[in-house]
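Report on the following structure.
The values are calculated or read from the model by the stated rules, or taken from the named source; none is laboratory data. Every value quoted in this text rests on a predicted model; they were computed, and no experiment measured them. Cβ placement follows ideal geometry from the backbone for every residue including glycine, while neighbour counts extend to all protein chains displayed. Note: accessible area is taken over every heavy atom of the protein model, side chains too, but ligands, DNA and RNA are not part of it. Shrake-Rupley method; radii C 1.70, N 1.55, O 1.52, S 1.80 Å.
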Amino acid sequence: MANWYVSSVSWTAVTAWAASTAYSVGNLRRQLATPVVGEERVFRCTTAGTSAGTEPTWVITKSATTTDNDVVWTEVTGQE
């Protein structure tokens with residue numbers, strides 16, 4: 001899967017995560033809460049579903065997954 005998110009795109013240009021929202025595989029989202037500088041990440045939905053009512057604790061390790069109610073997100077920052 002190519003061109004998920006390229007680091008030359010500003011992190012703020014990526015749509016922020018939202019609570020209780022249906023997501024499809026391939027959707028890109030960033031953290032809603034402002035992260036520590038240097039920990040800005042982009043996540044790709046790899047299992048479709050509806051997000052939880054509160055923002056998950058994101059796993060920011062390269063290619064790691066975060067479970068968010070029914071949704072599974074994969075960290076894809078800088079991957080082409």
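Residue count for the range 1-33 under the criterion of being modelled with pLDDT of 85 or more and over 15 Å from residue 73 (Cβ atoms): the result is 2. Inside the range 47-68, can you point out the residues that are open to solvent by 40 Å² or more (accessible area, probe 1.4 Å) and in a loop (DSSP other than H, G, I, E, B)? Within the range 47-68, 48, 53, 54, 55, 57, 59, 60, 61, 62, 63 meet the criteria.
Number of residues in the range 17-46 that are within 10 Å of the chain's Cα centre (by Cα) and surrounded by 19 or more Cβ atoms within 10 Å (Cβ to Cβ): the value is 9.
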